Every structure is written in structure tokens, then in C-alpha cells.
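All remarks here apply to the structure that follows.
The numbers here are math on the coordinates, done by the rules we state, and not lab data. Just so we're clear, the structure is a prediction, and the values are computed from it rather than from any experiment. Quick reminder, even Gly has a Cβ in these numbers, built from the backbone with ideal geometry, and neighbours come from all protein chains shown.
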Amino acid sequence: MTDVYGYVRVSSRDQNEDRQMIAMRELSVAEKNIFMDKQSGKDFERPAYKRMLRRMKKNDLLYIKSIDRLGRNYGEILEQWKMLTREKEIDIVVLDMPLLDTRRGKDLMGMFLSDIVLQVLSFVAENERSNIRQRQAEGIAAAKARGVKFGRPAIPYPDNFWEIYRDWRGKKITLREAADACEMPVGTFYGKVRKLESCN
């Protein structure tokens, strides 16, 4: 008896999985057989994916909307594909790429063609991941060049800071007492002291 599964992945909790879920429902994949992870595709350490692997058996069928939903690491996508199709002997259908349908072309030529397509698409998926990281880094650098500040805004020096600082440096009060007097955590007070002293 062949069971049909669907695997859905989005990279973060605020991304929308509707497009993938609609595709699975249109194929009449049972809700209990749709497995979804909300995390990066950089590796296969994903809870739902692992649960699905444990459930699947020989001759089952797995639907994926696109190859990058399976993952974004070139080497690992190829490794997982081979494990699923050759070791577990399940069929995979990538909906956005009809050439990646292991139900067709079970002969040597069919396997050869699907392997070539898979390698190209896996490379594209990882390359896109690398481009995303580069675009993020370039965007951050450009924003910093425009004067955009990242992180929490700096806590201003309180009016009594200089007086407290002198008392602390003069060993009249402890670090904890100085921080409390300035209404700051100890680490923040000490950080401000170091910044102040590095400027002098």
C-alpha cells in the first residue's frame, strides 16, 4: 500500500506557507501526511522532516513544491535525494520542476537526466542562499554608511555619572553601589566607564 506525503518548509515563523499547503491539498495529500518545518534549509536537522523520514517506507510518494523547500545546501540535498530514492526506495515529485519526478524514467537514461537536473537545481538553491547572505551584508553596510544605527539605542549618561564615577575611582564606593546610584546594570556602568576612559 503506497502512502502519499507532502513536505512543506518556510525559513522562519513569520513566513507564509499557504502556497505550499494549497498545492498539497490540491493533490489530496492527507493532512496527517503533510509535514511542515519552520526553519532554515541550511541542513536537515529539522524535527518534522525527521518524523516524516521515520514514517515513510518503500514505494511511498513524496511531494515537494520546489527543490529549495527540501533544502539549500547543495551537497546535503543530493545526499538526501539519493537516500530517499535509492535507500528508502520512495518516489519524489518536485511540483515546480516536472523533470524531477522519479516515477518516470526508471531506466538508466531517466535516472541520468533527473540526476543532472537535480544537481543544477541544488546548486542554484545553495547559490541563492549565498546571494541572500551577501545581499543582507551589503544592505547592512550601505545602511551603516548612511548613518543608520543598529541594535538598542545607547543609554545616556545620567546627570550624576561624573560624581559617581569619581567616587568609584577614588574607592569610596563599590562598583555595584556606583551602578545602583546611576540606576544601571553593573555591566552597563562599567562599559560606559571603559568608553569614557578610552577617549581620554
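Each Cα pair under 8 Å and six or more residues apart adds its sequence gap; the mean of these over the residue count of the chain is a relative contact order of 15 percent.
Set Lys and Arg Cβ to +1 and Asp and Glu Cβ to -1, take the dipole of the chain about its Cα centre, and tell me which of 160, 134, 190 lies farthest positive. Of the candidates, 160 comes out farthest on the positive side. Take the Cβ atoms of residue 15 and residue 159, set R0 to 45 Å, and the FRET efficiency comes out at 0.45. Applying both filters, DSSP loop and at most 15 other Cβ atoms within 10 Å, to the trypsin sites (Lys or Arg not before Pro) of region 19-65 gives 42, 57, 58. With a Förster radius of 25 Å applied to the beta-carbon distance between residue 120 and residue 26, the computed FRET efficiency rounds to 0.40. Gain on full extension, evaluated as 0.36 nm per residue between residue 183 and residue 197 minus their Cα-Cα distance, stands at 3.0 nm. One chain, two ends: residue 88 and residue 1. Fully extended at 0.36 nm per residue, the span grows by 29.8 nm beyond their Cα-Cα distance. For the residue pairs 172/195; 42/149; 38/82; 42/195, the alpha carbons lie more than 31 Å apart in 42/195. Subtracting the Cα-Cα distance of residue 58 and residue 136 from their residue separation scaled by 0.36 nm leaves 23.9 nm. Take the Cβ atoms of residue 42 and residue 166, set R0 to 35 Å, and the FRET efficiency comes out at 0.10. Taking only the C-alpha atoms of the chain, Rg followed by Dmax gives 27.3, 85 Å. Computed from point charges on the beta carbon alone (+1 for Lys and Arg, -1 for Asp and Glu), the dipole magnitude for the chain about its Cα centre is near 460 Debye. With loop membership from DSSP and a limit of 12 other Cβ atoms within 10 Å, the longest segment of the chain without GluC sites (Glu not before Pro) is 46-182.
Annotation note: chymotrypsin sites (Phe, Trp or Tyr not before Pro) in region 143-198 located in DSSP loop regions with a Cβ neighbour count of at most 11 within 10 Å are 150. Against the chain, whose longest principal axis comes from its Cα atoms, helix 108-145 is set at around 20 degrees.
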